[in-house]
1. Each residue of segment 44-54 in turn: what ³J(HN,Hα) in whole Hz from Karplus with 6.51, -1.76, 1.60 and θ = phi - 60°, glycine and Pro shown as x?
2. Going by how many other Cβ atoms sit within 10 Å of their own, how do 17, 43 line up, fewest first?
3. Net charge around residue 94, counting only other residues with Cβ within less than 15 Å of its Cβ (Lys, Arg = +1; Asp, Glu = -1)?
4. Please rank 177, 117, 134, fewest neighbouring Cβ atoms within 10 Å first, as an exposure proxy.
5. Counting other C-beta atoms within 10 Å, which of 198, 96, 163, 135 has the fewest, and how do the rest follow?
6. Is any residue of segment 209-227 close enough, with backbone N under 16 Å, to a label point placed 7 angstrom from the Cα of residue 100 along the Cα-Cβ axis, and if so, which?
7. Restricting things to alpha carbons, tell me how big segment 175-236 is in terms of Rg and Dmax, in Å.
Amino acid sequence: MRDCYHARSFSLWHVFMDWMFTLSGFVVGAIVGLTGVGGGSLMTPLLVLVFGIHPATAVGTDLLYAAITKAGGTVVHGRKGHVDWRITRLLATGSIPAALLTIWALSLLPKQSAEVSHIMSVALGIALLLTACSIVFRHKLQDHALAHADDNAHTQLRAPLTIAVGALLGVLVTISSVGAGALGVAVLFYLYPRLPTIRIIGSDLAHAVPLTLVAGIGHWLLGSVDWSLLGSLLLGSLPGIWLGSHASAKIPDRILRPILACMLLLIGGKLIVQ
């Protein structure tokens, strides 16, 4: 009788947690739809700090979650001609090998160990701080780049710098699942200031799909993906993104982004010092 009671309680607890994950996916999806900031900036720290999930599992699961959710957006942007595939290829030239090398380096560390947890927590905190800064200073970076857009150095170094940025994003995203969204967009705004905003966003989104997919599969091979958690997050996030996207026009961007940046700064600081 007691065993049946414990089994039932365990089952009810799992059902409750699945719904909590789905609700979290909906909230994060809605914020992504409202602001356009990548879900990893919110979802991964939420899983680590609120639900107590090991950083490696949170990162690995979120990477596949990002690959699936971003794939749909890439198809839409691609059909509308909003993707500069040359920029996407340059970014991927640096990011995919960097992601593979990072996965290999992680495979040398003890799985689910305190060492891995600390490395990923600190990397996640740094990525969130950089993302917050990119949100706050994006327009200033773009204005500075526009003022120097015709400089020979800016033009000649654009391609190799894009590959280098891709490599940095490959390492950062693989370790933290953060950086492919707001951070990538901010750098592209600086490197390609004359490119229309919609093509910057489309190109960055298209690059994020293979990067998060490769990194996510790598984490899966390392045993760092929770498929049940992934399903619960997707169940909530897809309608959340749809709702947030439709509501975004009604809420001023100048209000949303500073609030989000402050939130990321606080979360990033907590992850670094904990």
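1. 4, x, 5, 5, 6, 7, 8, 9, x, 7, 4
2. Ascending number of Cβ neighbours within 10 Å: 17, 43.
3. +2
4. 117, 134, 177
5. 198, 163, 96, 135
6. 210-219, 221, by backbone N distance to the label point.
7. 14.5, 43
A short reminder: the numbers here are calculations on the coordinates, not readings from a lab. Only a predicted model underlies this, so the values are computations on that prediction, with no experimental measurement involved. Glycine also receives a Cβ, built like all others from the backbone with ideal geometry; neighbour counts cover every protein chain displayed.
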